[in-house]
Amino acid sequence: MTTAPDVRRRSRAALDLLTAAPTHRAAGLAVTRTGREPGSAPALLLVHGLGSARSVWAPVLPELADRYDVIVVDLPGHGASPPLAPGEDRIRGIADRLAGSCAELGVRRPHVAGNSLGGWAGLELAADGNAASLTALAPAGLRREPTLPSPILLLNRRLAKLTGSLADPLIRFGPVRALVFASGTVDPWALDLGLARAAARAVRESTGYETLLASASRTRFERAATIEVPVTIVTGESDRILPGQVNRCRELAPAGARWVSLPRCGHAPMWDAPERTVELVDETVAAAEEDLTAQR
């Protein structure tokens, strides 16, 4: 039986791994590869959102690494990855870079779990035939109409830049943590201090934030008809960054997608509902593996 101290210990070890130097660099992206031996288990690609980094997956990485060959990436202009080249298509360019990174690592069609912008990138990967399944956690790209960038995301970036290196000591205090993370989680006080500091640092140091935010605000995902793999779309009932049905336009999603709404969950289900997040990834991967077996 796994106890609460065991969970915390494993999560902190995962955070140490994800904030250390990448284990690989592939197609220009920083990568942490961990978990089961390649070829002994399904490959799972984890893709974070705007202003984040590999560290965001620490709460769920231990359980996922027990089951999968896990590939965790820093998106272009985030974490330890350089930004996209000038003129390189933004959202589609991210998906191309992710596919290239996996190919360099010997993985052609990984299962994908992506949060926010990472969920949108996962949709693009699936539309290109480069994903075996997708668990999209609060995905961007399903907005009814393109619009101006979210004021919350602009505020988050401004706060991160203004506080600078002072954020690390200030985040220890509950009111500061509540202000910084209220948009991402329903319980900022429960967020591990190390994870909170890593998340704040990722927002502050991102070199691709404004460019990707502007690009994502001007367009949306429109290639659902080409997706033929299992897709689970997970939404948080308390998501303040992409709230309401205006950001969950079902006609933009694959027709057969499974929709799951999580109570007391914000924009980062892997923080607010880590156990359920792992279950949903498992269920989506299992559906894809069943489809593959049926085709043989």
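The values are calculated or read from the model by the stated rules, or taken from the named source; none is laboratory data. This structure is a prediction, so every number in the text was calculated from the model and none was measured. Every residue, glycine among them, receives a Cβ derived from its backbone with ideal geometry; neighbour counts consider all protein chains shown. Areas reflect the complete protein model, heavy atoms only, side chains present, ligands, DNA and RNA absent. Shrake-Rupley method; radii C 1.70, N 1.55, O 1.52, S 1.80 Å.
Observations on the structure shown:
- Single unsatisfied condition, W120 versus (1) surrounded by 24 or more Cβ atoms within 10 Å (Cβ to Cβ); (2) out of contact with any Phe, Trp or Tyr (no Cβ under 7 Å at 6 or more places or on another chain): (2)
- Residues of the stretch 256-265 include none that is assigned to a helix (DSSP H, G or I) and under 20 Å from the mean Cα position of the chain (by Cα).
- Residue in the stretch 192-200 that is surrounded by 18 or more Cβ atoms within 10 Å (Cβ to Cβ), touching a Cys at 6+ places or on another chain (Cβ under 9 Å) and modelled with pLDDT of 90 or more present: no
- Any hit, the stretch 54-76, residues being open to solvent by 60 Å² or more (accessible area, probe 1.4 Å) and part of a strand (DSSP E or B): no
- Options V180, V186; residue that is modelled with pLDDT under 80 and either crowded, with 21+ Cβ neighbours inside 10 Å or closer than 18 Å to P269 by Cβ (or both): V180
- Residue-level check: of (1) surrounded by fewer than 22 Cβ atoms within 10 Å (Cβ to Cβ); (2) of a type outside the set (D, E); (3) without any contact (Cβ under 8 Å) to a residue 60 or more places away in the chain; (4) in a helix (DSSP H, G or I), A95 misses just (1).
- The single condition among (1) closer than 15 Å to L242 by Cβ; (2) in contact with a Pro (Cβ under 6 Å, 6 or more places away or on another chain) that R177 does not meet is (1).
- Output for the stretch 123-140, where each listed residue is farther than 20 Å from D74 by Cβ and open to solvent by less than 10 Å² (accessible area, probe 1.4 Å): A126, S133
- Output for the stretch 201-246, where each listed residue is under 27 Å from E290 (Cα atoms), of a type in the set (V, I, T) and open to solvent by 50 Å² or more (accessible area, probe 1.4 Å): T226
- With respect to (1) more than 18 Å from L154 (Cβ to Cβ); (2) assigned to a helix (DSSP H, G or I); (3) open to solvent by 10 Å² or more (accessible area, probe 1.4 Å), the lone exception for M270 is condition (3).
- Test: residue in the stretch 141-161 that is of a type in the set (A, V, I, L, M, F, W, C), assigned to a loop (DSSP other than H, G, I, E, B) and open to solvent by 20 Å² or more (accessible area, probe 1.4 Å): yes
- Options G236, G194, G208, G266: the member that is of a type outside the set (S, T, Y) and more than 26 Å from S81 (Cβ to Cβ): G236
- Residues being open to solvent by 10 Å² or more (accessible area, probe 1.4 Å) and not in a loop (DSSP other than H, G, I, E, B) - total across the stretch 24-53: 6
- When R172, R158, R177, R197 are checked against the criterion of being touching a residue at least 24 places away in the same chain (Cβ under 8 Å) and of a type outside the set (S, T, Y), R197 stands alone in meeting it.
- If you filter the stretch 6-17 down to residues that are without any contact (Cβ under 8 Å) to a residue 60 or more places away in the chain and either basic (K, R) or under 18 Å from S52 (Cα atoms) (or both), you find that the one that is surrounded by the most Cβ atoms within 10 Å (Cβ to Cβ) is A14.
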